[in-house]
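Reviewing the structure listed below.
The values are calculated or read from the model by the stated rules, or taken from the named source; none is laboratory data. Note that the coordinates shown come from a computational prediction; the quantities given were computed from them, not determined experimentally. So basically every Cβ, Gly included, is an ideal-geometry build from the backbone, and we count neighbours across all protein chains shown.
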Amino acid sequence: MISISNVSKGSIIRFKGEPHSIESLVHRTPGNLRAFYQANMRNLKTGRNVEFRFSASESVDVIVTERKQYQYLYQDGTDYVMMDNNTFDQINVPELTIGSGSRFLKDGITVTIVFSDDGAILSVELPTFVEVEVTETSPASKDDRATSGTKPAIVETGAEVNVPMFIQIGSVIRVDTRTGEYIERVKK
C-alpha cells in the first residue's frame, strides 16, 4: 500500500478489486474543507472511466507491472496474436484488452503490452500515430478539393476515418490511434 499522494498519472492501482489506470490525478484544497485527490481512472477490464475522490491521507494498492515489446502478427477470431520480439513466443490478446485502437492494427506494428506481477495482461499500448493507406473513398471534384470539408475513407485495416476532400485512393495518411482522427497526409 502506498499513499495516494505518491501515485502519478499512468500508474495502475487495484481499486475495488479490479485494475485501474490513473488517467489524471488532481490535488484539491477547497476553502475550509479537507484536501483531497480527484482521480479519473480507466477500468482495465471493462474499459469504463471512473471518477473517485481519495482523501489526502488514503492509501492505495499499486500493481507492479512489466512492459514488453510485442509485434502484431494476425487476428484469430476476436483475439489478436502477438509475438515477443526477444523470445519469439506468441500470445493471444483479447480485443477488449486493446480497445478501440485495435481497428488500426496492421501487420508488423510494434505494441507495448503491460503485464501484472502475476503475468496477466493489463493493457496494450499502441503507437500514438500509425501510417495507413486509403483503400476506399469517394472521388472528389476539383471544386470539392478547394473547400475545407471532410469525407469518409476506408483505410487498409478496415477502419473508417474522416479525411479532407483532397485525399484520394492510394494516399498514405497518419492517424491518431487514441481518437481515430486524421492528422496529415504522408509524402512518400
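Being over 19 Å from the mean Cα position of the chain (by Cα), modelled with pLDDT of 90 or more, of a type in the set (A, V, I, L, M) and more than 27 Å from N43 (Cβ to Cβ) is a property that holds for I154. Among the residues making up the stretch 168-188, those that are in a strand (DSSP E or B), without any contact (Cβ under 8 Å) to a residue 40 or more places away in the chain and not acidic (D, E) are Y182, R185. Exactly one residue out of E18, E95 is within 17 Å of the chain's Cα centre (by Cα) and either among the acidic types (D, E) or closer than 17 Å to E125 by Cβ (or both): that is E95.
Would a scan of the stretch 40-52 turn up a residue that is more than 20 Å from E125 (Cβ to Cβ) and either modelled with pLDDT of 90 or more or not aliphatic (A, V, I, L, M) (or both)? Yes, the stretch 40-52 contains at least one residue that is more than 20 Å from E125 (Cβ to Cβ) and either modelled with pLDDT of 90 or more or not aliphatic (A, V, I, L, M) (or both).
Residues considered: V50, V81, V111, V93. Of these, the only one that is within 17 Å of S8 (Cα to Cα), in a strand (DSSP E or B) and of a type in the set (V, I, T) is V50.
When the residues of the stretch 103-124 are filtered to those that are on the phi < 0 side of the Ramachandran plot and without any contact (Cβ under 8 Å) to a residue 24 or more places away in the chain, the one that is surrounded by the fewest Cβ atoms within 10 Å (Cβ to Cβ) is D118.
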